[in-house]
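The values are calculated or read from the model by the stated rules, or taken from the named source; none is laboratory data. Quick caveat: nothing in here was measured; it's all calculated off a predicted structure. Cβ: placed from backbone, ideal geometry, glycine included. Neighbour counts: every protein chain shown. The area values use the complete protein model at the heavy-atom level, side chains included, leaving out ligands, DNA and RNA. Shrake-Rupley method; radii C 1.70, N 1.55, O 1.52, S 1.80 Å.
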Amino acid sequence: MRSEPSWFLRGIRFSKKYFFWLLKDNEITTHKLQRYFPAEYTDFLLFSELEVERYDILLFAYTTAFLSFIGLFIFDLLLLSIDIFFLGQMDGITTTLIIIVSIVIPIAVMNLIAYYPKTYARYIQIHSLGDIPEILSYLVMYLKLVPNLENSLKFAASESSTALASDLRKLIWDMEIRLYHGVNDAIIHFAIRWGRWSDYFKRSLHLIRSSIQERDEASRIITLDRALDVSLEGTKETMNQFANRLHQPTVILYSVGIMIPLSLVAMLPAAGLVGMRVTIVQVFLIYDLLLPLFVFLYTRKILLSRPAAFHPSTIPLDHPDIHHINKRKRFLVACASGIGIAIPGFIFLLIPRIISMHASNDWTYFIVSSQGLNSFFPVTLFFIWGATATVSLYCLSVYRPYKIIRDEIKQMEKEFSDALYILGKRISEEKSPEDSFAYAAQTMQGTRIAEVFSQTSFNLTARHTSFYDALYSTEYGSLHYVYSDRIKAILRLFVEGTKKSQRAVSASLIRIADHLKQLQEVEKKITDMLYELTSTLRSTVSVFAPLIAGVTLSITTLISTILVSIQTKQSPENITGISTTFSGAAGSFMTENIRPEYFVLVIGVYLIELVILLTRFTNGLNEGDDTATFMYSLGKTMPMSIAVFSITVILGQYFFSQMVPTV
């Protein structure tokens, strides 16, 4: 059975218990359900195996929309209070933006919840299709050794922990209770079901089924190889088509989500020259709420169309390197560290203002004034650093072990294909298995797989155990601390093959080694297809975006200072320190004196959101839905991006401030 999204089910129970009054069970609701959830939606519910009703889903969607609206309403009142406090009046543009945010976000949340079962079904399809190469490889490898279709299905279902293997286990259960007229009938139904989303998988299954009917072994092997080739070629072609379609969406994302917004930052102070009033609240609503929402929805849409290629290795929770990790404790430590780093920002912003209410001196003026400390070191950077430290410390402390383990598994699987070829060749020379394992270990000396083979040889010679116990014994088996499902499954085939004949085992091992090389080559080609795109996005989020943000913020400060200087010379008696109206040859114009440190805070928050969203996007393209890899990449990328941003802001404001006297 698939693991159901518990948060979704808990949310439905919560909405039914406390917010049942939001949706009446009447004829109007029935029409809504028919309009919002057509017949195909029921198919998605059945496929995802979510045991919920359409009424419950709609009620949960209404509940989340209602609660998000209430939360935004309270937040909007706070923003309006800040706007009125600083400006003395309610600004029309700010009010319009607040209304837009208060409508757009609840509607977006409601639609995300209402169509979550469809998204979840698509998620299952993507991941199941990504499991195809692994499942087919297990079927083909087993059938090359033992031409028994039913046993090959059982082997693939038992050795794989993927989502597709779960469906395969259900298929075997249905065969056992006689829902199908034999294994051929079951395979046909399985091929038809998954053929709707993967034609190459259907073709491969039919080839595998027909291989059993071949009269001689050579023809059977050729048919099985063809089934595998169809699968690998289909996977590569599907990913190639996706990579080709990514160009236009990436350009839109790059321009609308990154370059244009960051470039417009430098123009905001000059907006007053044409009569526009630009406030920090408006910049916050656009840059920290609306733009990140657009980037999130757009990247999510792209990732949902990504075909999965290969399933990442599953790391068990009892792994000795991760079972001791207390995520809640490390999260609290990360939060405490982030708050500690952000405290100087509170001190620089709040305490001098409190002191200046009672007494004014040069020190408080230097700290508070935008012409003082903030002119070359925005104190709000401490808040940005605190948030960055929290995210990075948590991600690296929790998920770095996962990344190390996964890299070890990938390296061991890469070594395994060579070691398997050596093992097969040695056995074909009619050497004993223990001698073959020892020879392969000696040849591959210095690698992790050599240690496994050496331990296997020791177990066979010193302990006089069976092949199965030498490899899989929970007490001394050489694979006890090997966490690669692929390696364990293939060596289980070796154990199965020894029951047949040594010559058959050697030939099968050599073919399996060649097959593993094919899989690794396809994986590498798919990574290379996406490398140019993902490397550009990673460079953008790590260096170019923070660099552009820092430079434009420095230019913003320079323009603001120049405008204030011009305004002071023209009409010094009208300066209020917040907003000023002037008349000249060009007519009247107004500028809003947004303090540079607040600008840095708002754009810094936008940059943090951008790093999170684009790191998720690049990892989703390259690795698929792998939380551990995403969190580890985020922990590495965030400090680099914010460091570039901070250095650029500080140096930029310092150098641009030297230009002001020459104006």
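A few points about this structure:
- Qualifying residue in region 525-545 (condition: within 16 Å of Tyr142 (Cα to Cα) and surrounded by 15 or more Cβ atoms within 10 Å (Cβ to Cβ)): no
- Any hit, region 649-663, residues being outside any helix (DSSP H, G or I) and either among the hydrophobic types (A, V, I, L, M, F, W, C) or modelled with pLDDT of 90 or more (or both): yes
- Test: residue in region 159-167 that is assigned to a helix (DSSP H, G or I), open to solvent by 30 Å² or more (accessible area, probe 1.4 Å) and of a type in the set (Asp, Glu): no
- Within region 41-65, being of a type in the set (Val, Ile, Thr) and within 21 Å of Ile107 (Cα to Cα) holds for Ile57, Thr63, Thr64.
- Test: residue in region 98-115 that is of a type in the set (Phe, Trp, Tyr) and assigned to a helix (DSSP H, G or I): no
- Candidate set: region 118-144, residues that are open to solvent by less than 10 Å² (accessible area, probe 1.4 Å) and closer than 16 Å to Ala218 by Cα; chosen: the one modelled with the lowest pLDDT: Met141
- Hits in region 171-206 (condition: in contact (Cβ under 8 Å) with a residue 12 or more places away in the chain, part of a loop (DSSP other than H, G, I, E, B) and among the aromatic types (Phe, Trp, Tyr)): Trp197
- Residue in region 248-255 that is within 30 Å of Ile286 (Cβ to Cβ), part of a helix (DSSP H, G or I), of a type in the set (S, T, N, Q) and open to solvent by 30 Å² or more (accessible area, probe 1.4 Å) present: yes
- Subset tally (residues that are at pLDDT below 90 and exposed (fewer than 15 other Cβ atoms within 10 Å of the Cβ)) for region 50-72: 2
- Contact map, region 629-643: first residue of a type in the set (A, V, I, L, M), second residue open to solvent by 30 Å² or more (accessible area, probe 1.4 Å), Cβ cut-off under 6 Å, separation 6 or more or different chains; pairs are Met638/Val391.
- Hey, Ala114 within 30 Å of Leu285 (Cβ to Cβ), surrounded by fewer than 17 Cβ atoms within 10 Å (Cβ to Cβ) and in contact (Cβ under 8 Å) with a residue 40 or more places away in the chain or not: no
- Condition met for Arg330 (assigned to a helix (DSSP H, G or I), out of contact with any helix residue (DSSP H, G or I) (no Cβ under 8 Å at 6 or more places or on another chain) and of a type in the set (Lys, Arg)): no
- Which listed residue is modelled with pLDDT of 75 or more and either touching a strand residue (DSSP E or B) at 6+ places or on another chain (Cβ under 9 Å) or in a helix (DSSP H, G or I) (or both), from Ile562, Ile526: Ile526
- Residues (within 13 Å of Leu164 (Cβ to Cβ) and over 29 Å from the mean Cα position of the chain (by Cα)) located in region 192-207: Ser204, Leu205
- In region 492-510, residue modelled with the highest pLDDT [restricted to those that are closer than 23 Å to Val482 by Cβ and open to solvent by 60 Å² or more (accessible area, probe 1.4 Å)]: Arg492
- Residue within region 403-421 that is in contact with a His (Cβ under 9 Å, 6 or more places away or on another chain) and of a type outside the set (Asp, Glu) present: yes
- Residues satisfying the stated conditions in region 382-438, i.e. without any contact (Cβ under 8 Å) to a residue 24 or more places away in the chain and closer than 15 Å to Val452 by Cα: Ile422, Asp435, Ser436, Phe437, Ala438
- Scanning region 208-237 for residues that are surrounded by 20 or more Cβ atoms within 10 Å (Cβ to Cβ) and either among the charged types (D, E, K, R) or within 23 Å of His127 (Cα to Cα) (or both) returns Ile208, Ala227, Leu228, Val230, Ser231, Leu232, Gly234, Thr235.
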